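Engineer: The structure that follows is given in the form of structure tokens.
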Amino acid sequence: MEPTPASVLTQLRKGTVDFCVLACLRSGPAYGLEIADRLRQDKVLFDSDGTLYPLLSRLRQQGWVTTTLEPSPVGPPRRYYRLTQSGEAALKVFIETWGRFAADVTTTIEDHS
């Protein structure tokens, strides 16, 4: 089976989107659709709202985010997600590791093309 751009993106997202969500929350609390909009800008990191809520639930179970329900100017209350200290620490480790990983991948690709 030949890889497609979509299948490659799926594999790349598996290890990174959780941390991109944490990065989105560093600037402050956000509700689900706000997070989705931030990630969806280029449709490379994120392309489906259906995958976001299970991801957010997983981050909450890991203790990396907390949630609160807050009134919405329109409609029902919104669940806001906030980064915890544990989530900030996990993001810090990812950022430190990602730089080395991305540089190594880039070097390998460029050296062998």
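Engineer: Quick one: count up the residues across the range 68-91 that are touching a residue at least 40 places away in the same chain (Cβ under 8 Å), assigned to a strand (DSSP E or B) and not basic (Lys, Arg).
Structural biologist: Residues that pass the stated criteria total 3.
Engineer: Is it the case that Gly63 is part of a loop (DSSP other than H, G, I, E, B) and touching a Ser or Thr at 6+ places or on another chain (Cβ under 9 Å)?
Structural biologist: Taking the combined requirement at face value, the residue satisfies it.
Engineer: Residues Arg58, Arg38: which one is assigned to a helix (DSSP H, G or I) and either open to solvent by less than 70 Å² (accessible area, probe 1.4 Å) or closer than 21 Å to Val93 by Cβ (or both)?
Structural biologist: Just a single option satisfies the conditions, and that option is Arg58.
Engineer: Of the conditions (1) modelled with pLDDT of 90 or more; (2) surrounded by 11 or more Cβ atoms within 10 Å (Cβ to Cβ), Val44 satisfies every one except a single condition; which number is it?
Structural biologist: Going through (1) modelled with pLDDT of 90 or more; (2) surrounded by 11 or more Cβ atoms within 10 Å (Cβ to Cβ) one by one, Val44 breaks only (1).
Engineer: Something else about it: In the range 12-35, which residues are assigned to a loop (DSSP other than H, G, I, E, B) and either open to solvent by 50 Å² or more (accessible area, probe 1.4 Å) or modelled with pLDDT of 90 or more (or both)?
Structural biologist: Hits for the range 12-35 are Thr16, Arg26, Ser27, Gly28, Pro29.
Engineer: Just to be sure I understand, how many residues within the range 61-77 are in contact with a helix residue (DSSP H, G or I) (Cβ under 8 Å, 6 or more places away or on another chain) and either open to solvent by less than 60 Å² (accessible area, probe 1.4 Å) or closer than 19 Å to Thr10 by Cα (or both)?
Structural biologist: 4
Engineer: Report whether or not Leu9 is over 17 Å from Glu88 (Cβ atoms), open to solvent by 30 Å² or more (accessible area, probe 1.4 Å) and among the aliphatic types (A, V, I, L, M).
Structural biologist: Yes, satisfied.
Engineer: Moving to a separate point now. For the range 87-110, check the following and say yes or no: at least one residue is within 24 Å of Ser7 (Cβ to Cβ), basic (Lys, Arg) and within 15 Å of the chain's Cα centre (by Cα).
Structural biologist: no
Engineer: Residues being farther than 15 Å from Cys24 by Cβ, open to solvent by 80 Å² or more (accessible area, probe 1.4 Å) and of a type in the set (A, V, I, L, M): count how many of those fall in the range 83-102.
Structural biologist: Matching residues across the range 83-102 total 1.
The values are calculated or read from the model by the stated rules, or taken from the named source; none is laboratory data. It should be emphasised that the depicted structure is a prediction, and the values quoted were computed from it without experimental measurement. Don't worry about glycine lacking a Cβ; one is built from the backbone with ideal geometry, like all the others, and counts go over all protein chains shown. When the accessible area is computed, the model is the full protein with side chains, heavy atoms only, and any ligands, DNA or RNA have been set aside. Shrake-Rupley method; radii C 1.70, N 1.55, O 1.52, S 1.80 Å.
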